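Beneath this line is the structure, given in structure tokens, with notes to follow.
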Amino acid sequence: MRRVARSARTTPGRLGIIASALVALSVLTGLFAALALQSKQDTISGLTDHREPLSAAAQQIYRSLSDADATASSAFLSGGSEPAALRERYEIDMAQAGAALAKAASDVGGIAGAEKQVDTLGQQLPVYAGLIETARTNNRFGLPIGAAYLREASTLMRAKLLPAAQELYRIDIGRLTDEQDDAASLPWLTVALTLVLLGSLIATQVYLTRKTNRLINTGLLVSTVAVGIGLVWGVAAGWVSAAAVGSARDDGSQQVDVLVQARIVALKCRADETLTLVARGDGTAYEKEWQELAPTISGKGENDKDLLAKARASASDPAISQQVRGAIDNAQAWQEAHRKLRELDDTGQYDQAVSMALGDDDKDAASAFNKLDENLSNAIQKGREKFVESTSSAQNALTGLVPGVAVLALIGAGGALVGIRQRLREYR
Amino acid sequence: MKRVALLLVAALALTACGGPGRPVDLAVVTAVDRPQPDGSKPGEAGATGAQPSGCGDPTASLRPGGLGIAAGSTMAKIRDRGRLIAGVDQNTYLFGFRNPATNNLEGFDIDMAKQVAKAIFNDDSKIQYKVLTSRDREKALANGEVDIVARTYTINCERLQQVSFSAVYYTTGQRVLVQKGSSINSMDDLGGKKVCANVGSTSLTQIAKHPAKPVPWSVLNWSDCLVLMQQGQVAAMSTDEPILVGMAAQDPTVRIVGPKLTEEPYGIGIPKANTDMVKFVNAVLERMRGDGSWQQSYDRWVASRLGESATQPTPKYRD
């Protein structure tokens, strides 16, 4: 320490200290920048590799489960041995839910909330399936206890499974949004550190010019230029990448989120519609929920909760717009069909109401709902593609940056060392 | 060299948190969350269960006034509407249940409602069924949501304060349904055990006030009780014998035990104001006795399974 203090009194001693400081600062900055950029790249690739697929899996779980429940009720309503098409749809829904659950379970990331939901889903899904099969067996024997098992299954679905799936989706979409914010932020600490390094290099050159009357020191100049290039490249690439992440959010994941919410509402409404008929007069609570939820997917934009109107307003891609418009038409056709079937049921024409609810004629509720669900599914898929596209370009913008800044930082350190040694030699 | 390595391992083990490592916990599940029918919960006795005084003989109804429909009468209004609205059950085998094969409602109670429709329209299909839980029967009648209730509806003084009843069309009593092979032989053996019944039913009140102190458990539909029994969540269910017979017909591993604990006269519920409708329905019941349709329906749904023949109860009228 004392030696350092003593040598700081002489010019050569001071230069020695400056040289080591500059080298250390360059190496440190380079290391810091490389690590920060690598972690940014990891965050961005994590968006497409983990975060988005997980939230998609969560919404798939919800969709499959809800559709399975509505399909089981529809099969029951059709009477007799259930139609093969409905049985197949139920089976696919359940298999889909299981597969998506396995995917969702693969990365709960130590988040207690997510883990709990996955646990609930994993434990209750086989219970649900068991109840449905017991209901089927009894139905085939012509025993009304089958209906009781179906009701118990549906209660389990609505009270435990669907809320868990919805909560899992909420957690996953929250994590996606958080990491998008993270990926879109500029690494200010690295930028500040680089600015300090650049400032030090310039100050050193000014100092040397004053002490030695020589205008240019090649080593330090090379070093300054290298650090400058690193700064400009890093900031420009970071900015381009952040913009791409932003557009992946606005045109991709945020739109998908609105569409997913609309799909969840549509599924809830469909379940309400069939369960009202299953309850046969004792289902006023279901119809009440339908009345509350239906306006949020009317697309008429009469209130600010209208999800389809929101989706239409924010759709930037023509393919998505087209699907959303289709969804709005089908949602309105469905609401009209629902109004008619309620009228039939309320005036004692139960059988006609049931056939209107299950039929595949264009005017029937089932067909309108299926088309609406398909529109939403297509729009969600398009939104996901948009997301992946933009996020990949965010990733591409950072290509080569990590090795680049590392090399530039080394050049910076080397330049400073060579430049100052050259001056030091002149003192001997 | 080897010793150094061992020392190093030891040192690392000491510095690692928590000492020697443990395998990650297995996902051990020790308790399961069983599925429950909607509205399944510990039961509370409906009101007091005590008979309000001054009601006299609750089963005495109004004397029938024939099957003619006077202009302006309740029946005329129903005829103008084009359908009879009947409050029924779709979950009680043999009395009011949905036939899964045909989607139609069938049963002894449903036959009663059909006979009323036939008397008004000469067509027993002109009915709109409205499924009610036991609990909602008085409310539905008081609000005029239904014209009649035919749903294993016990006539008693408490209910008579809010609704009117036809003459008695069937009399039975409350018994107990348990697993075959269990040592339970009556309600007396069910102390401290869960016994299931429908919310708002007289059966639930009987369970709650039984001296053996069984634990009442309430559900929305009778068949939910059988589900809970099959899942081992309740020890028994207790209600009127023919309802239990309907349950036993769906599950060969259960049996009906014990004496009849109560006497339950069933009547058709009618809004209190509609005395003309009470007289009309009583005339329908008289006709059913005459043309044998009561006997036919009873034999079809109840007699064979209960193993007990019966005839239509003799009506009692207030005047």
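The values are calculated or read from the model by the stated rules, or taken from the named source; none is laboratory data. If you're wondering where the values come from, they're calculated on a predicted model, not measured in any experiment. No Cβ is skipped: glycine too gets one built from the backbone with ideal geometry, and neighbour counts run over all protein chains shown.
Descriptive notes on the structure:
- Residue check, B:Gly173 surrounded by fewer than 24 Cβ atoms within 10 Å (Cβ to Cβ), closer than 25 Å to B:Gly56 by Cβ and in contact (Cβ under 8 Å) with a residue 24 or more places away in the chain: yes
- Number of the exception - A:Ala24 against (1) over 25 Å from A:Gln254 (Cβ atoms); (2) not in a helix (DSSP H, G or I): (2)
- The range A:326-345: number of residues that are surrounded by fewer than 17 Cβ atoms within 10 Å (Cβ to Cβ) and more than 14 Å from every other protein chain (Cβ to nearest Cβ): 4
- For the range B:84-143, the strands (runs of 3 or more DSSP E) that sit wholly inside it and include 1 or more residues that are closer than 17 Å to B:Tyr266 by Cβ and facing chain A (nearest Cβ under 7 Å) are B:96-98.
- Test for B:Leu84: is it under 17 Å from the mean Cα position of the chain (by Cα) and either more than 27 Å from B:Leu204 (Cβ to Cβ) or aliphatic (A, V, I, L, M) (or both): no
- Selection within the range B:267-284 - at pLDDT 95 or above, aliphatic (A, V, I, L, M) and part of a loop (DSSP other than H, G, I, E, B): B:Ile268
- When restricted to residues that are surrounded by 16 or more Cβ atoms within 10 Å (Cβ to Cβ) and free of Cβ contacts under 8 Å to residues at least 40 places away in the same chain, the range A:300-324 contains 4.
- Criterion: surrounded by fewer than 22 Cβ atoms within 10 Å (Cβ to Cβ), more than 11 Å from chain A (Cβ to nearest Cβ) and part of a helix (DSSP H, G or I) - qualifying residue of B:Ala212, B:Ala208: B:Ala208
- Meets criteria (surrounded by fewer than 22 Cβ atoms within 10 Å (Cβ to Cβ), within 14 Å of chain A (Cβ to nearest Cβ), part of a helix (DSSP H, G or I) and in contact with a helix residue (DSSP H, G or I) (Cβ under 8 Å, 6 or more places away or on another chain)) for B:Arg287: no
- In the range A:346-357, the residues that are more than 10 Å from chain B (Cβ to nearest Cβ) and without any contact (Cβ under 8 Å) to a residue 12 or more places away in the chain reach residues that are part of a helix (DSSP H, G or I) and surrounded by fewer than 20 Cβ atoms within 10 Å (Cβ to Cβ) with C-beta atoms within less than 8 angstrom, at least six apart or across chains, in these pairs: A:Gln352/A:Leu344.
- The criterion of at least 3 residues that are crowded, with 21+ Cβ neighbours inside 10 Å and within 14 Å of another protein chain (Cβ to nearest Cβ) is met, among helices (runs of 4 or more DSSP H) falling completely within the range A:61-173, by A:112-140, A:145-156.
- Scanning the range A:179-197 for residues that are closer than 17 Å to A:Ala36 by Cβ, in a helix (DSSP H, G or I) and touching a residue at least 12 places away in the same chain (Cβ under 8 Å) yields A:Glu179, A:Asp182, A:Ala183, A:Ala184, A:Leu189, A:Thr190, A:Val191, A:Leu193, A:Thr194, A:Leu195, A:Val196, A:Leu197.
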